Amino acid sequence: MRLDVNLLDYVLIAIYFATVLAIGFAARRRISSSLDFFLAGRGLPAWITGLAFVSANLGAIEILGMAANGAQYGAMTVHYYWIGAVPAMVFLGIVMMPFYYRSKVRSVPEFLRRRFNGATQLLNAIMFAVAQILIAGVNLYALALVMEALMGWPLPVSVVISAVIVLSYITLGGLSSAIYNEVLQFFVILAGLIPLTVLGLIKVGGISGLFDRVRQSTLGEGGLHTWAGTAGENPMQAHWIGIVFGLGFVLSFGYWTTNFAEVQRALSARNTNAARLTPIIAAYPKLFIPLVTVLPGMIALVLFGDLGKGQAYNNAIPLLMRDLLPNGVLGIAVTGLLASFMAGMAANISGFNTVFTNDIWQSHLVRDREDGYYLRVGRIATVVGVGLGVGTAFIAAGYSNIMNYLQALFSFFNAPLFATFIVGLFWRRMTPWAGFWGLLAGTVAAFASYFSYKAGYVNFGTELNASFWGAGLAFAVDVVVSVVVTLFTTQKREEELRGLVYGLSDVDLEDDALAGDAKWYRSPMLLGVGALILAVALYGVII
């Protein structure tokens with residue numbers, strides 16, 4: 001699947017890489033403390049952090065994974081956006097960011113330590129670190145696929161070269177470098193995917209032509225609907241209960257509200273209002289990203305008859321690039337793909353180095369050292385994280401559709417964490433050890449559900465549906481265990497919970513509002529409700 005690139009394409013790619021590294025060197029000059037390295041000094045405006053928030057997620061999950069899902073499951077893939085992302089992003093901005101930001105924590109595990117205890121922090125930190133390395137491997141594998149197609153290099157060589165590129169600018173400039181590169185990458189990604197989608201639609205005869213050909217494909221009529229058939233037969237073999245509860249509530253809220261790789265972008269904002277606006281601003285482009293991910297996947301399905309039979313679904317986007325894009329535009333598209341995978345991996349690695357340094361090394365292994373020491377540890381953790389990501393990239397290589405693998409990881413690590421977090425946030429009676437044992441039990445339940453499906457003991461139909469139900473089971477088990485343990489253990493004193501539990505505000509928190517925050521277009525509530533209304537309206541177009 002070698003892409004027919006020429007000198008012009010290579011020049012465009014080289015210019016992009018030079019720009020990325022230049023941003024890394026520029027950001028390095030601003031790094032004088034661990035706060036600068038891990039949280040960009042908490043000084044960025046909402047529009048920067050908002051674009052970085054959505055770009056950090058616009059990696060392999062979106063580009064290869066969602067296009068693969070579009071080819072395999074059709075229009076139902078938009079559930080991952082309109083019910084599986086936007087509501088949770090709005091909830092994060094309106095309800096949860098004030099607790100994260102104003103408690104001055106540096107990570108989600110650190111919040112859990114303050115709400116529960118050190119054991120809960122360590123358990124979550126280890127789980128998060130493992131998850132980020134595994135997901136970084138997915139992004140790295142996807143990036144290497146493009147390098148392999150572009151250069152003709154073997155996959156192992158492509159993996160290592162790709163890792164070195166990402167490692168360079170994160171190690172240089174920390175989170176500031178990652179965020180400013182993510183803003184650049186957001187626009188580069190769109191510049192590559194929009195022409196691909198437009199030319200693909202022209203090739204199949206427009207939207208009506210695409211729909212006619214999808215009806216004649218293996219997906220049939222079901223490939224054009226989102227909710228129709230969810231009480232019976234549909235391409236995803238998913239029931240509406242699994243979609244609403246498993247994906248729309250547990251997986252979605254678990255990922256978007258507790259995944260530190262995303263929350264970290266909001267924590268770098270300049271004040272509380274900017275932190276709240278970060279995920280809400282990101283929700284608006286998120287609503288329309290299916291047009292350049294899911295739609296191309298459906299186009300690839302009708303253009304390439306061997307997709308999903310001899311050709312992996314993951315190749316949907318590269319195949320379209322190979323056959324549709326002229327030179328020059330091809331260089332922009334390849335650059336966009338490279339940018340997307342680098343953004344995704346950078347988010348994983350910057351989250352990993354922060355949690356490893358602050359929540360494992362500093363909190364439990366080597367305490368009370370000077371700030372410069374932990375800055376050095378963070379840079380070393382970055383190198384180690386990228387190295388481990390190289391290893392886990394070959395796990396992702398074993399999946400025809402990397403989205404199946406990713407959703408399984410989310411059900412293992414995010415669903416139980418969300419249960420622990422949401423119960424602890426709204427129920428002040430929940431005890432420290434309830435947080436620990438609930439999180440552990442929920443994680444074990446998610447693993448047990450998934451491996452029962454893989455062993456053939458339970459039939460969920462598809463691997464994605466198995467992840468939906470596994471996430472729901474993990475959430476339920478976590479809540480039940482948390483309640484039971486709470487009944488037999490001692491809760492924290494009320495003064496220890498101030499600023500960490502809903503209804504117990506910290507009276508000592510200063511008002512950090514800036515001039516202009518009271519204007520209507522900076523209202524998290526107003527903009528959040530607008531995003532939800534728009535999501536419902538879009539569903540009305542494709543029932």
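Going by what's in this entry, would Ala339 be described as under 29 Å from Pro154 (Cβ atoms), surrounded by 18 or more Cβ atoms within 10 Å (Cβ to Cβ) and not basic (Lys, Arg)? The answer is yes for Ala339. Residues that are buried (at least 18 other Cβ atoms within 10 Å of the Cβ) and at pLDDT below 95 within the range 480-493 comprise just one, Lys492. Elements of the type helices (runs of 4 or more DSSP H) sitting completely within the range 69-111 and holding at least 1 residues that are among the basic types (Lys, Arg): these cover 97-102. Check whether at least one residue in the range 272-294 is closer than 30 Å to Leu51 by Cα and without any contact (Cβ under 8 Å) to a residue 12 or more places away in the chain, and report yes or no. Yes; the residues of the range 272-294 include at least one that is closer than 30 Å to Leu51 by Cα and without any contact (Cβ under 8 Å) to a residue 12 or more places away in the chain.
Take the conditions (1) more than 14 Å from Trp47 (Cα to Cα); (2) surrounded by fewer than 22 Cβ atoms within 10 Å (Cβ to Cβ); (3) at pLDDT 90 or above; Tyr284 misses just one of them, which is (1).
Results for (1) closer than 20 Å to Gly344 by Cα; (2) not hydrophobic (A, V, I, L, M, F, W, C), shown as yes or no for each residue.
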| residue | (1), (2) |
| --- | --- |
| Ala52 | yes, no |
| Glu62 | yes, yes |
| Gly74 | no, yes |
| His79 | no, yes |
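Checking the range 30-45 against the condition returns a match, with at least one residue being farther than 27 Å from Arg376 by Cβ and modelled with pLDDT of 80 or more. Inside the range 294-313, can you point out the residues that are buried (at least 24 other Cβ atoms within 10 Å of the Cβ) and over 21 Å from Ser208 (Cβ atoms)? Passing the criteria: only Tyr313. For the range 234-257, the set of residues classified as open to solvent by 10 Å² or more (accessible area, probe 1.4 Å), out of contact with any Gly (no Cβ under 7 Å at 6 or more places or on another chain) and in a loop (DSSP other than H, G, I, E, B) consists of His239 only.
The values are calculated or read from the model by the stated rules, or taken from the named source; none is laboratory data. It should be emphasised that the depicted structure is a prediction, and the values quoted were computed from it without experimental measurement. Backbone-built Cβ (ideal geometry, glycine too); neighbour counts: all protein chains shown. In case anyone asks, the SASA skips ligands and DNA or RNA and just uses the protein heavy atoms, side chains included. Shrake-Rupley method; radii C 1.70, N 1.55, O 1.52, S 1.80 Å.
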